[in-house]
Amino acid sequence: MSENPAVVLVLDSNLMFRPKLDSMIRNAGHVPVPYRPDVPIPTQAGFEGARVQPVVGLVNLEDRAVDPMKAIAAMRREDVCIIAFCGHANTAAMEQAAAAGAQIVVPRSSVDQRLPVILKEAIKWKPDPHCDFC
């Protein structure tokens, strides 16, 4: 576990891909937590007794269990960087996610191959003070 692990809220109900995501997140030293619309999003002040910083959202734009755009809207706070992903041909969903406030939007293949690098970028992310939705 990294010295200051990030909580990664994961919205992906794909039974084949989700365990791989959780494993990659843990191997990168962070804590995967299933996103549930009925559970408050953890704050930087703490999670399960340990200080965590930051909170990262990882949203599968093709998820059918929860509306991904509603999840992005719920996660969107100044201390949460949202990574959204979907199949590379689904450019409409990628554009919609960026417009909804996802700071990093990538094809699923990038998540599959480079999630630890993408998480590092998300953790370094800082909101733009001139951006209304960042």
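Checking the structure you have, find out if any residue of the range 79-97 is modelled with pLDDT of 95 or more, more than 11 Å from Val10 (Cα to Cα), touching a Lys or Arg at 6+ places or on another chain (Cβ under 6 Å) and surrounded by fewer than 20 Cβ atoms within 10 Å (Cβ to Cβ).
Scanning the range 79-97 turns up at least one residue that is modelled with pLDDT of 95 or more, more than 11 Å from Val10 (Cα to Cα), touching a Lys or Arg at 6+ places or on another chain (Cβ under 6 Å) and surrounded by fewer than 20 Cβ atoms within 10 Å (Cβ to Cβ).
Restricting to the range 85-108, name every residue that is within 13 Å of the chain's Cα centre (by Cα) and not in a helix (DSSP H, G or I).
Answer for the range 85-108, where residues must be within 13 Å of the chain's Cα centre (by Cα) and not in a helix (DSSP H, G or I): Phe85, Cys86, Gly101, Ala102, Gln103, Ile104, Val105, Val106.
The values are calculated or read from the model by the stated rules, or taken from the named source; none is laboratory data. The structure presented is a predicted model; accordingly, all values stated were derived computationally and were not measured. As a convention, Cβ positions derive from the backbone with ideal geometry for all residues, glycine included, and neighbour counts pool all protein chains shown.
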